[in-house]
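Beneath this line is the structure, given in C-alpha cells, with notes to follow.
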Amino acid sequence: MRRVASRLLHVLERVLDAESAVRELRWMQEVLAGPKPSPSTSTTLEDMVARRVRGEPLQYILGTQPFGPLTLLTRAPVLIPRTETEDWAHRLAEMRQPTRHKPLSVLDLCTGSGCIPLLLCSLWAPGSTHACGVDISEDAIKLSADNARANDIAIPEKGPLPPHEFRLRDRNTFTPLLGNIRDSAFVVASGLHPPFDIITSNPPYIPKREYDELPVSVKDFEDHRALLGDPDDTVPDGRGLTFYHTIAELLNSNKLLKCDGIVALEVGAGQARDVASIMENQGGMRHTRIWNDPWGKERVVIATN
Amino acid sequence: MSILSRLNLRPHTFSAACRVHKNRTYSTQQHAFTDLDNAPIVQLVRRKLQERSKLQSETSEDRVSAEDVARIKKIKELEQLQHAWEEWTQVAKSLQETTPLLSDSDPAMRALAEEEHASLTQELSAMVETTFPRLLIPASSTAHMSALVELRSGVGGSESSLFLGEIMRMYLRVAGSYGWKASVLSRNETENGGIKDAILEVKGEGAYDILRWESGVHRVQRVPATEANGRVHTSTVSVMVLPTSEDSEPGKDEELFKMSDVRIEVMRARGAGGQHVNKTESAVRLVHDPTGITVSMQDERSQHQNKRRAFQVLRARLMDRKLEEEMAQRRAVRKNLVRSADRSEKVRTYNYAQDRVTDHRLGWSVMNLLSVMEGDALRDILQALEEKHGEEQLEELLTE
Ligand SMILES: C[S@@+](CC[C@H](N)C(=O)[O-])C[C@H]1O[C@@H](n2cnc3c(N)ncnc32)[C@H](O)[C@@H]1O
C-alpha cells in the first residue's frame with residue numbers, strides 16, 4: 001500500500017508542488033476511507049490521481065468542499081466554492097445577528113452551489129434566516145438543493161416563504177429557484193417576496209480576454225456560464241461587468257432591497273472601484289465600501305443606503 | 001512512597017490496633033489514636049479551621065465591605081472542611097469513650113468494645129487518608145479540559161521521526177481506551193514514512209489533566225531497521241501537552257490575547273484569485289506579536305478550518321504559558337521545594353533491546369514495552385504520575 005502511495009505521489013508531483021502533492025494525496029486517501037460522497041466518486045487512488053493529472057479540480061474528484069462549518073457537494077460543471085467567498089461570507093455574517101423574532105430575508109443571485117446563503121443559514125440562529133437562491137443553470141439549482149438537504153437546511157415546499165410566515169418557522173430555510181436574472185420578469189415569475197434585508201451575489205466576472213488564459217482545471221471543467229462576465233457578444237472587449245449592471249438595474253427598478261438592507265457583491269481583480277460606482281450611480285445606493293480578501297486583493301463591494 | 005507514609009503513619013499501627021492484646025491493650029489503642037490525631041494533615045485542618053473562625057469573628061453581618069466579601073468567600077470555601085472536622089470530633093469522642101471499655105472485666109463487653117474501637121479507628125484513618133486530602137487539595141482548574149498533544153522529532157534524524165509515528169499511535173490508542181476522541185490535527189511527514197512533527201487533539205473530560213505528565217523528552221534506544229551493523233541508536237521525541245476546550249466561549253479569548261495582536265497570514269501568491277483559480281490554497285499562519293508564537297496550519301481543505309485550528313493551537317499555547325506563569329509565581333511566593341517539571345528534561349526511556357520502558361520521574365520500569373505502546377501499561381504509568389502529583393500537592397500544603 002505504501003509503495004503504491006509513494007509511486008502515485010511522484011505522479012502527482014509532476015503537476016503539483018511537493019507539499020500540495022502530499023496533502024492532496026492524503027485528502028484522496030481520507031475520502032476513500034470514508035463513505036462515498038457521490039456515485040461518481042472514484043473508488044481507487046490510481047483513478048483519482050489519474051483524473052488530477054489530467055487537470056480535473058481536486059474538489060470534483062473528492063466530491064465535496066468544506067465551506068466554513070458546511071460540507072458542500074461539488075459536481076461538475078457547477079462552480080467550486082472559493083476560499084475568497086468563504087472568507088467574505090463569514091465577514092458578512094458578522095454584520096447582523098438575526099433572531100427568530102427579528103428574522104432576515106436573503107436573496108442570493110447566481111447562487112451556484114448555494115454556498116453563500118447556505119453559510120448564512122448555518123451561521124445564523126435557527127428560525128432567523130429565510131433565503132432564496134437564483135441560478136440559470138439546472139445543474140446548479142439541483143446541487144444547491146442537495147446541499148441544503150445535506151446540511152440540514154429546510155427547503156419550503158411551496159416556493160419562497162412569504163415574510164408573514166417567517167415567524168412560524170423554527171428552522172432556517174433556503175429556496176432554490178431556476179431563473180435568469182437578466183430577464184427582469186424573473187422576480188415575479190419565481191414568486192419572490194421583495195424587499196430583502198440582504199442581497200448577495202458572486203456573479204460571473206471574468207473578462208473574455210482573461211477567460212481565454214485560464215488554467216485547464218478552471219476553463220475545461222467549470223461552466224463557462226459561471227465565469228464569463230460578459231455573456232453576450234454584444235460587449236466585444238468588455239471588462240466583465242455586465243452582471244453588475246444587471247444587478248444595479250434590478251435594485252433600482254424593483255424595490256428589491258429594504259432601506260436598511262445590505263448588498264454584498266464579490267468582484268474580480270481590479271473591478272472593485274468600477275462596481276462601487278455602478279452601485280452608486282446606477283443602483284442608487286448611497287454608500288459603498290470595499291473589502292479585501294485574505295491575499296490583500298480588493299474582493300467585495302458592500303453597498304448600503 | 002504512598003500518601004500514608006508521607007503522613008508519618010506507619011501502616012502497621014492500624015493492624016496492631018485491631019489485634020488487641022489483653023495487657024497492652026489500653027496503651028496501644030491510645031497510641032494509635034494519638035498517632036492519627038497528631039498526623040500533620042490533621043494539624044493542618046485544625047489550623048485552617050482556626051483561621052476560619054477568626055475570619056468569622058472579624059466579619060460583620062450588616063456592614064458588608066469588600067474585605068468582608070472576600071472573607072465570606074473564604075469562610076464558605078472551608079465549610080465542607082468544617083463539617084468533616086465535626087464528624088472527626090464526634091468519632092474521636094466515641095473512640096475515647098470506647099477505650100476504657102477495652103479493659104472491662106466482662107469478656108463479652110470487652111469483645112464488643114474491641115469491635116467498636118477497631119471500626120472507629122478505621123473511620124478516622126479513612127478521613128486522614130482520603131477525606132481531608134480531598135478537601136484540602138485545591139480542585140484542578142483544568143479538570144474539564146481536553147488536550148492538544150504536540151510531538152516534535154528531536155535528535156536521531158529519521159529514526160526519531162519513525163519513533164514519533166509510533167508514539168503518536170500510542171497516544172491515539174490510549175485515548176481510545178479512556179473513551180476520548182482523538183484525531184490528528186496536523187502532521188508533517190518525511191520521505192521514509194516517518195513524521196517530523198504532529199499535533200493531536202484529544203477530546204474528552206479530564207484528558208488534559210491525565211495526559212499533562214507526558215510533556216518532556218521521550219527517548220528511544222533501539223537498532224534502527226535501516227541499520228545494517230545492528231548498532232543501538234538513541235533518538236528522542238519531545239512531547240508537549242497543552243490544555244484546550246471544545247469550543248472557546250466568546251469573550252474568553254480576550255483574557256489570553258487581543259485579536260489585534262494576531263497577524264493572520266496566508267501562504268503563497270494566488271494571482272488574480274477568486275473565480276480565476278480553483279486550486280486549494282488553504283494554508284494559514286498566525287503570528288502572535290507579543291509572544292512571537294507562530295502557528296502554521298495546512299492540513300484542512302478549507303482556509304476557514306485551518307484558521308480555526310490554528311487559533312485553537314495558539315489559544316492552547318497561550319493558556320499553557322499562563323498556567324506556567326501562575327505556577328512559577330506560586331512557587332516564588334512559597335519558596336517551594338517541589339521542583340517544577342522542566343520540559344527539556346528526559347521523562348521516559350523506551351529500550352527495545354531490553355523490552356523495557358523506564359519512567360524517570362517515577363523511577364519505575366515496565367518490563368513489557370509492547371503493553372506500554374498499546375496503552376494498557378501507559379495507563380498505569382499515567383495513574384501513578386497523577387498520584388505522585390496528588391502527594392506532591394499534599395506535601396506542598398503540609399510544608400506551608
Ligand atoms: C461565479 S458562479 C457563483 C456561484 C456561487 N454563488 C459561488 O459563489 O460559488 C456564477 C453563477 O451564476 C450563474 N448564472 C450565470 N448567468 C446567470 C443568469 N443570467 N441568471 C442567473 N444565474 C446565472 C451561473 O450558472 C453560476 O452558477
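All of the numbers you see were taken from the coordinates with simple rules; none came from a lab. Just so you know, these numbers come straight off a predicted model, no measurement behind them. When we count neighbours, we look across all protein chains shown, and the Cβ atoms used for this are built from the backbone with ideal geometry, even at glycine.
Each of B:V223 and B:E97 was given a label point 7 Å from its Cα along the Cα-to-Cβ line. The distance between the two points is 7.4 nm. Overall, the anisotropy analysis places chain B in the oblate class: the square-rooted eigenvalues a ≥ b ≥ c of its C-alpha gyration tensor yield a/c not less than 1.5, with a/b not exceeding b/c. Given R₀ = 51 Å, FRET efficiency for A:R182-A:A5 by Cβ-Cβ distance, to 0.05? Efficiency for this residue pair is about 0.60.
Arranged from fewest to most other beta-carbon atoms within 10 Å of their beta carbon, B:H360, B:H288 become B:H360, B:H288. Amide H to amide H distances under 5 Å link B:D355 with no residue, where only residues 5 or more positions off or on other chains count and H is placed in the peptide plane. For the stretch A:142-198, trypsin sites (Lys or Arg not before Pro) meeting the loop criterion (DSSP other than H, G, I, E, B) and having at most 12 other Cβ atoms within 10 Å: A:K158. Here the residues B:S65, B:S158, ranked from fewest to most Cβ neighbours within 10 Å of their Cβ, fall in the order B:S65, B:S158. For chain B, the 222 nm mean residue ellipticity estimated from helices alone, with every DSSP H stretch of n ≥ 4 adding -39500 (n - 2.57) and the total spread over all residues, rounds to -15500 deg cm²/dmol.
Where the alpha-carbon atoms of chain A are placed on the principal axes, they occupy 63, 48, 33 Å, in descending order. Farthest toward the positive end of the dipole of the protein assembly as shown, out of A:N151, A:A76, A:H10, is the Cα of A:H10, where the dipole comes from beta carbon charges about the Cα centre.
Mind checking which of A:V218, A:V106, A:V275 has the largest fluctuation in a GNM of chain A, springs on alpha carbons under 10 Å? Answer for the Gaussian network model of chain A: A:V218. Rounded to the nearest Hz, the phi-derived 3J(HN,Hα) couplings of the stretch A:252-269 under the Karplus curve 6.51 cos²θ - 1.76 cosθ + 1.60 (θ = phi - 60°) are 6, 9, 10, 6, 6, 10, 5, 4, 9, x, 10, 10, 10, 10, 6, 10, x, 3, where x marks glycine and proline. Take every DSSP beta bridge whose two residues both sit in chain A; close to 40 percent of them are antiparallel.
Would you please give the FRET efficiency between B:Q56 and B:A332, computed as 1/(1 + (r/R0)^6) with r the Cβ-Cβ distance and R0 = 35 Å, to the nearest 0.05?
Details: r = 31 Å, r/R0 = 0.88.
Efficiency, rounded to the nearest 0.05: 0.70.
Rounded to the nearest 20 debye, the dipole magnitude of chain B is 1300 debye, with +1 charges on Lys and Arg beta carbons, -1 on Asp and Glu beta carbons, and the Cα centre as origin. Amide H contacts of B:K346: B:V217, each under 5 Å away and 5 or more positions distant or on a separate chain (H built 1.01 Å from N in the peptide plane; Pro and chain starts excluded). Dividing the mean sequence gap of close Cα pairs (under 8 Å, 6+ apart) by how many residues chain B holds gives a relative contact order of 14 percent. Computed from point charges on the beta carbon alone (+1 for Lys and Arg, -1 for Asp and Glu), the dipole magnitude for the protein assembly as shown about its Cα centre is near 780 Debye. For the stretch A:1-33, the set of trypsin sites (Lys or Arg not before Pro) satisfying both a DSSP loop assignment and a count of at most 13 other C-beta atoms within 10 Å is given as A:R14.
Taking amide H as placed 1.01 Å from N in the peptide plane, the amide H of A:N292 sits under 5 Å from that of A:R299, each at least 5 places away or on another chain. Kindly identify the stretch A:41-163 as rounded, prolate or oblate by the Cα gyration tensor criterion: order the square roots of the eigenvalues as a ≥ b ≥ c, call it rounded if a/c is under 1.5, otherwise compare a/b with b/c, prolate if a/b is larger, else oblate. It is prolate, given that a/c is not under 1.5 and a/b is the larger ratio. When only Cα pairs below 8 angstrom with a gap of at least 6 residues are kept, chain A shows a relative contact order of 14 percent.
So what is the relative contact order for the stretch A:150-249, in percent, with contacts set as C-alpha pairs under 8 Å and at least six apart?
Reported relative contact order: 23 percent.
Mind running the shape call on the stretch B:184-321? Use the C-alpha gyration tensor, a ≥ b ≥ c as the square roots of the eigenvalues: rounded below 1.5 for a/c, prolate if a/b tops b/c, oblate otherwise. It is oblate, given that a/c is not under 1.5 and a/b is not larger than b/c.
Within 10 Å of each Cβ of B:295-303, how many other protein chain Cβ atoms are there on average?
Whole-number average of other-chain Cβ neighbours for B:295-303 is 5.
Relative to its Kirkwood radius, the Cα radius of gyration of the stretch A:188-280 gives an Rg/Rh of 1.01. Projecting the Cα atoms of B:A113, B:L200, B:T280 onto the charge dipole of chain B, computed from C-beta unit charges around the Cα centre, puts B:T280 farthest toward the positive end.
Restricting attention to the protein assembly as shown, close to 70% of DSSP beta bridges with both partner residues there are antiparallel.
Could you check which residue among A:N147, A:N281, A:N252 shows the biggest mean-square fluctuation in a GNM of chain A with a 10 Å Cα cutoff? The residue with the greatest mean-square fluctuation here is A:N281.
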